[in-house]
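The values are calculated or read from the model by the stated rules, or taken from the named source; none is laboratory data. Given the structure is predicted, the values throughout are model-derived calculations rather than measurements. Glycine gets a Cβ as well: all are built from the backbone with ideal geometry, and neighbour counts include every protein chain shown.
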Amino acid sequence: MDLEVGAIVAGKITGITKFGAFVTIAPGKSGLVHISEIASTYVSDVRNHLTEGQEVMVKVIGVDQTGRMNLSIKAAVDAPVEEPRSRQPKPAAVTSEPSFEDKLKRFMQDSDNKMSGLKQYSDKKGARRRGR
């Protein structure tokens, strides 16, 4: 069974850790569902949402160089059901809110700018106290 990224398959929880759950999806094929990929809401304890032996639907969201699979339960649950494709043109792209990564990048840039300003201020203040 050759699984590609984007495939949605049934699996069985074989192990639970504080950072996620291991799921077997075929004999000899297993992967990790990270704690952030279990539910759309905040998950503080994996055991509150999953139990060992539980059957779940998972989506393959990544495969690394060593063949380890990254799986997602919330992506499999939230995945839209594919309808037969028609020959209608696609609608124009709708601009939406910036992604989390874009927001994080902007935050980091603002934070770096503020920190460099504070550092310059403290360097000047310290130089005056030393009599320079």
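Mind checking which residues of segment 20-79 are surrounded by 11 or more Cβ atoms within 10 Å (Cβ to Cβ) and free of Cβ contacts under 8 Å to residues at least 12 places away in the same chain?
Passing the criteria: PHE22, SER36, VAL43, HIS49.
With respect to LYS59, is the statement that it is of a type in the set (D, E, K, R) and either within 18 Å of LEU3 (Cα to Cα) or modelled with pLDDT under 90 (or both) true?
Considered against the rule, which asks whether it is of a type in the set (D, E, K, R) and either within 18 Å of LEU3 (Cα to Cα) or modelled with pLDDT under 90 (or both), LYS59 comes out as yes.
Can you find, within segment 2-38, the residue that is nearest to ILE73 (Cα to Cα) among those that are modelled with pLDDT of 90 or more and assigned to a loop (DSSP other than H, G, I, E, B)?
Per the criteria, the residue is ILE38.
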